[in-house]
Amino acid sequence: MLPVLLGSCLGTKHLKENEKLLYRQRVKAPKVIDTEPLPDLYVQRPNRKFLIFPAAPLVGIYYFGYKRFDQEKMIRRKEKAEEKFDRKIQAAKKEKRVNNLQFRKQKTTDRFNDKIENGNTVMQWGEPISVFDSTLVSETEERFSNYLFSKGYFTNKVTSKVTSSGKLVKVNYFLEPGEPYLIDSIFYNIEDSAVYSLVRKHEKASLIKPNEHYDQENFTSERERIDLLLKDHGYYDFSRQYIEYSTDSSYRHPLRRVVVMIEIKDPARRGYHKQFRIDSINFSTEAGVTTQGRKLTERRYRDINFQYYEPNYNLKILSQRVFLKPGELYSRSKTLNTQQQLANVDAFKFVNINYDTTGGKFIANIFTSPLSRYEWSNEAGVSVTQGFPGPFYNMTFKKRNVFKGMESFDLSGRIGFEGVASATSDQNFYKSTEAGVNASFTFPQFIWPFRDQVRFRHAAYNPKTKMTAGYAFTDRPEYRRTAVSLNTTYSWNNKRTRLYSLTPVNFSVIDTANLSESFKDLLEQQDSLGNFSLRNSFRPSFVNSILFSITWNHNNYGNEERNSAYIRAQVESGGTLWNFFKPIFITDWGLEYFRYFRVNVDMRRINILGKNTLIAYRLNTGLAYAYGDNRALPYEKFFFAGGSNSIRAWRPRRLGPGSFKPPLSSDPNEDGMFNYNIEKPADILIEGSIEIRQKLFGFVNGAVFIDAGNVWNFKKPSTTENGNSQFRPDSFYKEIAVGTGFGLRFDFAFLILRFDVGMKVWDPARDEGDRFVLTKTKFFGPFGTDREPVIYNVGIGYPF
């Protein structure tokens with residue numbers, strides 16, 4: 001019965017007589033073998049399943065399109081379209097019109113050819129049934145054997161076992177690697193004595209080492225290392241093709257040892273490898289710019305020959321990003337670093353560096369083409385932060401090279417509307433209006449009285465100083481909040497994967513007005529529960545702080561080609577100045593001020609499981625401690641849990657704190673057991689998520705997820721009748737909320753629209769023994785006290 005049910009889900013009805021479906025393939029190997037690359041070596045693959053479910057909907061999609069596909073008709077349509085374009089091209093009189101028509105004809109032809117060869121759009125969304133082919137099993141065995149051989153298992157053995165049940169076939173591959181061969185010794189055959197000395201000097205960095213496993217991948221990486229080593233020491237025209245390996249595994253055969261010979265050949269014509277020293281550096285700042293009779297100016301600064309038509313750039317600052325010097329040996333790393341740092345200043349369309357070896361000279365030529373000095377952009381779309389999506393409009397203006405030192409001035413404005421959960425009523429969502437304007441200056445150096453020598457050393461770290469002034473406005477039915485801010489941020493990165501940011505100046509004046517009576521009652525209620533600081537957060541206030549953050553981005557987080565990771569850690573000290581003197585002038589103005597310490601660490605990772613499947617992880621933690629006279633945090637500095645980018649089984653900002661029980665809803669048929677209409681600010685945050693994402697068809701992706709976490713306070717609640725909200729090291733783990741769910745992501749290239757369904761699994765707000773609530777989930781009302789509603793989340797982009 002089970003094979004019959006599986007067959008209906010997997011599309012076996014599309015099999016022909018005597019055909020069987022390849023349902024599953026597995027590899028069994030010892031733990032010492034890295035099996036992660038093996039799935040890519042399968043010659044034949046089963047049809048993709050729907051996430052964790054034993055169903056292959058892509059097969060049904062493919063044959064749905066197949067029934068409506070007529071290849072002959074598609075060929076006729078292609079021929080008709082080509083004839084139409086040919087008539088238009090023949091009738092066209094202008095060359096520009098002819099070129100445009102030929103380009104359009106080629107695009108149309110390519111589109112038809114794609115459909116003729118691969119089927120219509122629906123067919124390409126799906127995939128044909130995977131018919132089992134026994135000959136492909138042998139080819140897969142050979143691939144696995146070659147893989148083991150490349151890892152030093154020269155005497156490996158690969159076998160397979162094919163089992164069938166009805167029309168379903170399963171294949172198990174068994175890998176017996178045998179004993180690995182080890183590197184015994186390494187010899188060098190390098191006739192060029194200078195190259196020989198350089199390679200042996202850096203031998204400790206070699207990726208091929210005695211007594212380690214033989215691995216062909218290490219040989220490839222070692223060839224690249226030697227190539228870069230030589231090119232960083234002046235060998236400009238060196239090629240990795242000069243590097244050859246020879247191995248002998250018969251040496252001391254019973255001990256399974258491999259002798260390696262590394263040979264670096266000399267060029268056939270010259271007979272030796274030449275080191276190149278830079279004779280001069282030419283820097284053209286306006287390459288490709290139309291001259292229109294203007295005279296080219298040449299000026300020498302810091303041993304660089306600058307060429308330009310207009311003196312648009314401060315040569316002192318520009319030369320800080322050039323790490324090449326006359327008289328020094330050619331270095332590929334310094335060349336790439338110069339190119340990258342010049343591109344980082346946001347002043348040039350392109351940066352190109354080449355070397356001229358004619359006439360017995362070695363001349364470095366740097367060509368840059370300036371970007372437009374003025375730039376306007378407009379953007380309209382849909383965004384979401386914690387509720388339902390709403391429209392927004394952005395306008396930005398940029399002026400580059402303001403003071404001729406590659407500075408940029410940015411002016412931006414934004415207005416948006418969004419559906420946000422009410423803070424005081426049972427109404428689900430209402431319109432929230434947010435608007436703001438920001439003006440900033442960005443300088444490609446640290447604005448600080450450093451010496452020139454220090455500035456030149458810092459230039460390699462892409463230093464930037466950004467000064468920003470802004471105004472933000474938020475209008476909600478409960479209150480209207482405005483903020484005027486001023487800050488200065490220094491940023492730099494010592495490696496491409498690490499970015500540092502220091503904000504020593506961060507001031508803002510916040511005013512909250514038009515508090516509704518219901519919101520005032522809410523603040524009174526929080527006072528009675530011991531959350532005295534919340535009231536202070538909504539008084540007119542002055543907030544100042546110092547922030548430092550580190551962002552580590554490994555392998556370009558979010559790419560779908562290889563595993564990647566992202567970590568962002570931020571430390572903030574609020575009101576630091578008031579530790580040394582009293583802010584009398586602030587209190588005289590009737591403003592609240594705050595002293596606090598806040599830290600937040602956000603860690604994310606993506607592991608690629610297959611061509612169309614990946615698993616994403618996230619751990620987000622935070623702590624905020626107020627130690628000022630009012631023992632309060634600015635409202636924006638609290639932590640919240642729940643929502644489309646947090647624990648998705650709870651409404652935005654409605655989870656916690658701890659096991660605190662919200663009051664019973666006045667309308668249980670609408671809200672379930674508890675009234676989640678009040679935001680839950682807290683001092684401590686711990687949350688994590690695991691999400692499996694899979695490409696389904698076309699632009700549609702699917703996901704299943706598990707979220708867990710909560711928020712807590714430092715202070716002990718005034719009463720424990722409604723549960724505990726304080727963080728307690730010996731019991732906080734009992735108050736971790738757990739949710740699960742599934743969702744769809746619509747990838748439209750320009751944006752990703754996300755729809756998630758969240759279901760509570762473990763609710764710490766319920767009484768002990770009654771916290772497992774997954775079985776009480778109900779998709780549609782009425783709910784009542786014994787039912788939990790699912791939470792629908794709509795978002796833009798991935799949750800993490």
Checklist entry - Which of the residues that make up the stretch 429-477 are surrounded by 16 or more Cβ atoms within 10 Å (Cβ to Cβ), closer than 22 Å to ASN314 by Cβ and of a type in the set (A, V, I, L, M)? => result ALA459, ALA460
Item to check | Subset tally (residues that are touching a residue at least 24 places away in the same chain (Cβ under 8 Å) and open to solvent by less than 60 Å² (accessible area, probe 1.4 Å)) for the stretch 36-56 | outcome: 13
Item to check | Members of the stretch 89-116 found to be open to solvent by less than 70 Å² (accessible area, probe 1.4 Å), within 34 Å of the chain's Cα centre (by Cα) and not basic (Lys, Arg), listed by number | outcome: ASP114
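Yes/no matrix, rows are residues, columns are (1) in contact with a strand residue (DSSP E or B) (Cβ under 9 Å, 6 or more places away or on another chain); (2) closer than 25 Å to PHE64 by Cα; (3) of a type in the set (Asp, Glu):
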site	(1), (2), (3)
GLU83	no, no, yes
ARG87	no, no, no
LYS96	no, no, no
ASN99	no, no, no
THR108	no, yes, no
GLY126	yes, yes, no
SER130	yes, yes, no
Item to check | Residues that are at pLDDT 80 or above, within 19 Å of ILE706 (Cα to Cα) and either assigned to a loop (DSSP other than H, G, I, E, B) or open to solvent by 80 Å² or more (accessible area, probe 1.4 Å) (or both), drawn from the stretch 763-792 | outcome: ASP763, PRO764, ALA765, ARG771, PHE772, VAL773, THR775, VAL790, TYR792
Checklist entry - How many residues, within the stretch 164-185, are at pLDDT 95 or above and β-branched (Val, Ile, Thr)? => result 1
Next on the checklist: Given the criterion of a type in the set (D, E, K, R) and closer than 22 Å to LYS404 by Cα, identify the matching residue among GLU328, GLU310.
Outcome noted: GLU310
Checklist entry - How many of the residues in the stretch 282-313 are assigned to a loop (DSSP other than H, G, I, E, B) and either closer than 17 Å to ASP356 by Cβ or open to solvent by 60 Å² or more (accessible area, probe 1.4 Å) (or both)? => result 12
Next on the checklist: Being acidic (Asp, Glu), within 26 Å of ARG457 (Cα to Cα) and at pLDDT 90 or above is the requirement here; does ASP237 meet it?
Outcome noted: no
Item to check | Yes/no for VAL32 being modelled with pLDDT of 90 or more, open to solvent by 100 Å² or more (accessible area, probe 1.4 Å) and not in a helix (DSSP H, G or I) | outcome: yes
Checklist outcome for this item: Taking the stretch 217-231 and keeping residues acidic (Asp, Glu) and surrounded by 17 or more Cβ atoms within 10 Å (Cβ to Cβ) leaves GLU222, ASP227
Next on the checklist: Just to verify a result, which residue in the stretch 17-29, among those that are touching a residue at least 12 places away in the same chain (Cβ under 8 Å) and surrounded by fewer than 16 Cβ atoms within 10 Å (Cβ to Cβ), is farthest from THR140 (Cα to Cα)?
Outcome noted: GLU19
Checklist entry - Residues of the stretch 240-281 being open to solvent by less than 40 Å² (accessible area, probe 1.4 Å) and hydroxyl-bearing (Ser, Thr, Tyr), which ones? => result SER280
Item to check | Residue that is modelled with the lowest pLDDT, among those in the stretch 694-727 that are open to solvent by 30 Å² or more (accessible area, probe 1.4 Å) and aromatic (Phe, Trp, Tyr) | outcome: PHE697
Next on the checklist: Residue under question is GLY65, and the condition is that it be at pLDDT 85 or above, in contact with a Ser or Thr (Cβ under 9 Å, 6 or more places away or on another chain) and assigned to a helix (DSSP H, G or I); does it hold?
Outcome noted: yes
Checklist entry - Only one of (1) surrounded by 12 or more Cβ atoms within 10 Å (Cβ to Cβ); (2) part of a helix (DSSP H, G or I) is not met by GLU83, so which one is it? => result (1)
Item to check | Which numbered condition TRP712 misses (of (1) under 28 Å from the mean Cα position of the chain (by Cα); (2) in a strand (DSSP E or B); (3) not β-branched (Val, Ile, Thr)) | outcome: (1)
Next on the checklist: Take TYR557 and tell me if it is in contact with a strand residue (DSSP E or B) (Cβ under 9 Å, 6 or more places away or on another chain) and within 30 Å of LEU58 (Cβ to Cβ).
Outcome noted: yes
Checklist entry - Inside the stretch 350-377, can you point out the residues that are closer than 30 Å to PHE397 by Cβ, open to solvent by 50 Å² or more (accessible area, probe 1.4 Å) and not polar (S, T, N, Q)? => result PHE350, PHE367, LEU371, ARG373, TYR374, GLU375, TRP376
Checklist entry - Conditions: (1) closer than 28 Å to ASN462 by Cα; (2) more than 43 Å from the chain's Cα centre (by Cα). VAL289 meets all but one. Number of the miss? => result (2)
Next on the checklist: Taking the criterion of being acidic (Asp, Glu), over 17 Å from TRP650 (Cα atoms) and either outside any strand (DSSP E or B) or touching a residue at least 12 places away in the same chain (Cβ under 8 Å) (or both), would at least one residue in the stretch 728-749 satisfy it?
Outcome noted: yes
Next on the checklist: Here are the criteria: (1) at pLDDT 95 or above; (2) more than 42 Å from the chain's Cα centre (by Cα). Tell me which single one ILE243 does not satisfy.
Outcome noted: (2)
Checklist entry - Is it true that some residue in the stretch 243-266 is free of Cβ contacts under 8 Å to residues at least 60 places away in the same chain, outside any loop (DSSP other than H, G, I, E, B) and within 30 Å of ILE363 (Cα to Cα)? => result yes
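The rows are residues; the columns are (1) open to solvent by less than 50 Å² (accessible area, probe 1.4 Å); (2) modelled with pLDDT under 85; (3) part of a loop (DSSP other than H, G, I, E, B).
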| position | (1), (2), (3) |
| --- | --- |
| LYS520 | no, yes, no |
| GLN526 | yes, yes, no |
| GLY530 | yes, yes, yes |
| SER545 | yes, no, no |
| GLU561 | no, yes, yes |
| ALA565 | yes, no, no |
| ARG568 | no, no, no |
| VAL571 | no, no, no |
Checklist entry - Do we have LYS73 as loosely packed, with under 11 Cβ neighbours inside 10 Å and modelled with pLDDT of 90 or more here? => result yes
Checklist outcome for this item: Within the stretch 584-634, residues being under 30 Å from PRO46 (Cα atoms), free of Cβ contacts under 8 Å to residues at least 60 places away in the same chain and buried (at least 17 other Cβ atoms within 10 Å of the Cβ) number 2
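The values are calculated or read from the model by the stated rules, or taken from the named source; none is laboratory data. For clarity, every value in this text was computed on a predicted model and none was experimentally measured. So basically every Cβ, Gly included, is an ideal-geometry build from the backbone, and we count neighbours across all protein chains shown. Just so you know, the surface numbers come from the protein's heavy atoms only, side chains and all, with ligands and any DNA or RNA stripped out. Shrake-Rupley method; radii C 1.70, N 1.55, O 1.52, S 1.80 Å.
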